[in-house]
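What follows is a short report on a single structure.
The values are calculated or read from the model by the stated rules, or taken from the named source; none is laboratory data. Keep in mind it's a predicted model, so treat the numbers as computed, not measured. Cβ: placed from backbone, ideal geometry, glycine included. Neighbour counts: every protein chain shown. The accessibility values were calculated without ligands, DNA or RNA, using every heavy atom of the protein model including side chains. Shrake-Rupley method; radii C 1.70, N 1.55, O 1.52, S 1.80 Å.
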Amino acid sequence: MTMREHLLAVPARSPAQIPAISIATDVLDGLSRTPKMLPPKLLYDAQGSALFEQITKLPEYYPTRTEAAILADNADEICSRLRPDVSVSELGAGTATKTRILLRSLLRRQQSVDYFPLDVSDSALQLGKHELECELTAVNVHPQLGDFEDLAFLDEHLPPRLVLYIGSSIGNLEYEEAISLLRDVARHLSAGDQLLLGVDLVKESEVLRAAYNDSTGITAAFNKNLLTRINRELGGHFDPDSFSHVSVWNQASSRIEMHLESNWRQSVKVDALNAKLDFYQGERIHTENSYKYTVESLEELLQRGGFAVEQTWTDSRGWFAVSLGMII
Ligand code: AVJ
């Protein structure tokens, strides 16, 4: 096992040291609704984060490598638009692989960088810190375990600040939710602070569909891991194979949807919730939306979120976009 595999396979700290952020409320809430749903942030426990890492390397899954190419091709230009001695924070940092491209370039302009990655996955944060500190010793990593409700850490690092929100994670949010999240971020920043926002763009439906329904079934495993996670953490009795991975391109809403569809009528007990959940044949649990933007809708989002658009970069196929905004 490589260090990378090891760190992704096991939680970096024993559960006893981490205040258990229980998924019980989210699960009970989501599965009591009609239609049933589960919030996408629950996809990222240690197993889910490891599966997502595998997704990013799939031939069908173009977003990660396309965004990495945009960052690599434009890192110097992006960094030339930043003020001297910025500190960097990142929302949904994961293992921060793409971030290293920017940090490398930034370190040619300043001696050291304070880097504050926020993520719901402790295993991903620990792996990212390890890999970053090995490669770039001038980066001081300050991991923040939490979700986007926990933005107070942005106050702790001093301006000038750059906030990274790349990887199209914002695509999980409804448009109005995305605006209000950007406004929350803006509230923690001051004039001159900047945000680099990366989103996946609308494109031919075949390309989109293949990216969320890969031929090796990794995306299906990633989706079904939600059920395994409920079994592990809440004493659930789901048989993951009694559900099918379904992904749909919803053109009218400009989003990919992921669902778990019950293959037959069944009842599933979840011990910790004291609940018995009924599913009819074909009933779906909506597990994720992945909104796709256009350059125009991305720039409008930034503006409505409280940022003045400075510049937008895309790849030659126009598949992904990265936009820099500033608080004025
Ligand atoms: C991490 C939210 C950007 O929407 O493409 C990948 C998650 N879901 N395959 C995405 C995901 C299925 C991913 N984001």
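Between 0 and 90 degrees, the angle of helix 218-234 with respect to the longest Cα principal axis of the chain falls at about 70 degrees. The GluC sites (Glu not before Pro) of segment 109-214 that meet both conditions, a loop assignment by DSSP and at most 16 other Cβ atoms within 10 Å of the site Cβ, are Glu149, Glu174, Glu204. Just check segment 168-271 against the gyration tensor rule for me: Cα atoms, a ≥ b ≥ c as the square roots of the eigenvalues, rounded for a/c under 1.5, and otherwise prolate or oblate depending on whether a/b exceeds b/c. Oblate. Placing R0 at 30 angstrom, the Cβ-Cβ distance between Gln281 and Glu206 gives a FRET efficiency of 0.55 after rounding to 0.05. For segment 110-243, the Kirkwood estimate of the hydrodynamic radius, built from every pair of different alpha carbons, is 17.9 Å. Full extension of the chain segment joining Glu310 with Arg232 gains 23.5 nm, where the gain is 0.36 nm per residue of separation less the Cα-Cα distance. Here the 3J(HN,Hα) profile of segment 72-89, calculated from phi with Karplus coefficients 6.51, -1.76 and 1.60 at θ = phi - 60°, is 5, 5, 10, 3, 5, 5, 4, 5, 5, 8, 8, 7, x, 6, 6, 9, 10, 10 Hz, Gly and Pro shown as x. Based on C-alpha pairs under 8 angstrom that are at least 6 apart in sequence, the chain has a relative contact order of 20 percent. Judged by the ratio a/c of the largest to the smallest principal axis of the C-alpha gyration tensor, segment 216-269 counts as prolate, that ratio being 1.5 or greater while a/b is larger than b/c. By DSSP, what percent of the beta bridges with both residues in the chain are antiparallel, rounded to the nearest 5? So the antiparallel bridges in the chain amount to around 65 percent. For the chain, the longest principal axis of the C-alpha atoms and the axis of helix 175-187 are separated by about 40°. Annotation for Gln303 and Lys269: the two label points, set 7 Å from Cα along the Cα-Cβ direction, are 5.8 nm apart.
Based on C-alpha pairs under 8 angstrom that are at least 6 apart in sequence, segment 35-176 has a relative contact order of 27 percent.
Working note: Cα atoms of the chain, range along each principal axis, descending, whole Å: 60, 46, 37.
When the Cα centres of segment 71-137 and segment 141-179 are compared, how far apart do they sit, in Å? Segment 71-137 and segment 141-179 have Cα centres spaced 14 Å from each other.
Here the sum of -39500 (n - 2.57) over DSSP H runs of 4 or more residues, divided by the residues of the chain, equals -11000 deg cm²/dmol at 222 nm, to the nearest 500. Close amide H partners of Gly236, meaning residues 5 or more places away or on another chain with modelled amide H under 5 Å apart, are Asn231, Asp271. The angle between the Cα long axis of helix 46-55 and the main principal axis of the chain comes to about 70°, on a 0 to 90 degree scale.
The count of lysine pairs in the chain with alpha-carbon distances below 24 Å, taking only pairs 8 or more places apart or on different chains, stands at 23.
Both numbers refer to the Cα atoms of segment 77-169; Rg and Dmax are 12.2, 33 Å. Computed over protein heavy atoms with a 1.4 Å probe, the accessible surface of the chain works out to 44 Å² per residue. The fraction of accessible area contributed by carbon and sulfur in the chain is 51 percent, rounded to a whole number (1.4 Å probe; ligands and nucleic acids excluded). Bridges between two residues of segment 121-269, per DSSP, are antiparallel at a rate of about 65%.
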